1. Taking the Cα atoms only, what angle lies between the long axis of helix 108-124 and the longest principal axis of the chain, rounded to 10 degrees?
2. Give the cross-link partners of Lys44 among the lysines, using a straight C-alpha distance below 27 Å as the criterion and excluding same-chain residues fewer than 8 apart.
3. Where in the stretch 48-90 does the amide nitrogen come within less than 17 Å of the point 7 Å from the Cα of Leu27, taken along Cα to Cβ?
4. At Glu48 and Val111, where each label point lies 7 Å from the Cα along Cα→Cβ, what is the point-to-point distance in nanometres?
5. Using helices alone, I'd like the mean residue ellipticity at 222 nm for the chain: each DSSP H run of four-plus residues gives -39500 (n - 2.57), total over residue count, nearest 500.
6. Once you list every other residue whose beta carbon is under 14 Å from the beta carbon of Tyr8, what net charge do they have if Lys and Arg are +1 and Asp and Glu are -1?
7. Using only Cα atoms, what Kirkwood radius does the stretch 68-143 have, in angstroms?
8. Calculate I(q)/I(0) for the stretch 1-72 by the Debye formula, one identical point scatterer on each C-alpha and no solvent, and give its log10 at q = 0.14, 0.19 Å⁻¹ to two decimals.
Amino acid sequence: MISNSAKYAIKAVIYLGLHSSKSNKVLTREMFEEIQVSESYLAKILQELSRRGIISSTKGRNGGFYLSTENLEHSLMDIVRVVDGDQSVDSCILGISNCDIDHPCPLHDMVGKGKTEFNRTLQDTLLKDVIVKLQGKEIYYPL
C-alpha cells in the first residue's frame, strides 16, 4: 500500500531515531547498507525529508542527519506523504482516477476498509512512539 521508497524512508528515519542525536549526526554512507538501498538514492530521500522538516540536518564538518525533539512528533504518514505524495496515499489501489464511493472500482469494497485502517494506523503512529518501542532492542534489518 506504500511504495518501496516510502518503506526505505521509514526505515531510515527509524535508524536515525535509534542512532543519532543533535550532537551525534549520521551520514548517509553510515546507514545505506542497513537500509538496503543505494547510497545516492537514500541521500535523495533524506534530503527531501530534511527539506520538508521531517528530519533535521546540518552541513559541513560534523554535519549529517538526526532527529530533533520536534521531528519525533511526526507520524509515519507524514513520511509517506512526503515520499509518495498525497495523491498516492488517497488514490485507488488499481489507479483508477474516478474511483470513489459513488463509482467504486472492482476492488474498492474489498480493500477500501483495510486501506483506510492502514492509513489511520500510519497517521496515528508517531515517530517517538516507534523509537521508544525499539530502543534497547536488537534490530534486524530489513525492518
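1. Compared with the principal axis, the helix lies near 30 degrees.
2. Lys7, Lys11, Lys22, Lys25, Lys59, Lys128
3. 57-66
4. So the two model labels end up 2.1 nm from each other.
5. Numbers: 6 runs with 73 residues, N = 143.
After summing the helix terms and dividing by residue count, I get -16000 deg cm²/dmol.
6. Working: positive: Lys7, Lys11, Lys44; negative: Glu33, Glu34, Glu39, Glu48, Asp84.
Neighbourhood net charge equals -2.
7. On the way: mean 1/r = 0.0693 Å⁻¹.
Every distinct Cα pair counted, the radius reaches 14.4 Å.
8. Per q value, in the given order, log10 I(q)/I(0) is -0.36, -0.67.
Any read-out appearing in this document is the output of simple, stated calculations on the displayed coordinates, not a laboratory observation. Just so we're clear, the structure is a prediction, and the values are computed from it rather than from any experiment. Note that each Cβ is placed from the backbone with ideal geometry, even for glycine, and that neighbours are counted across all protein chains shown.
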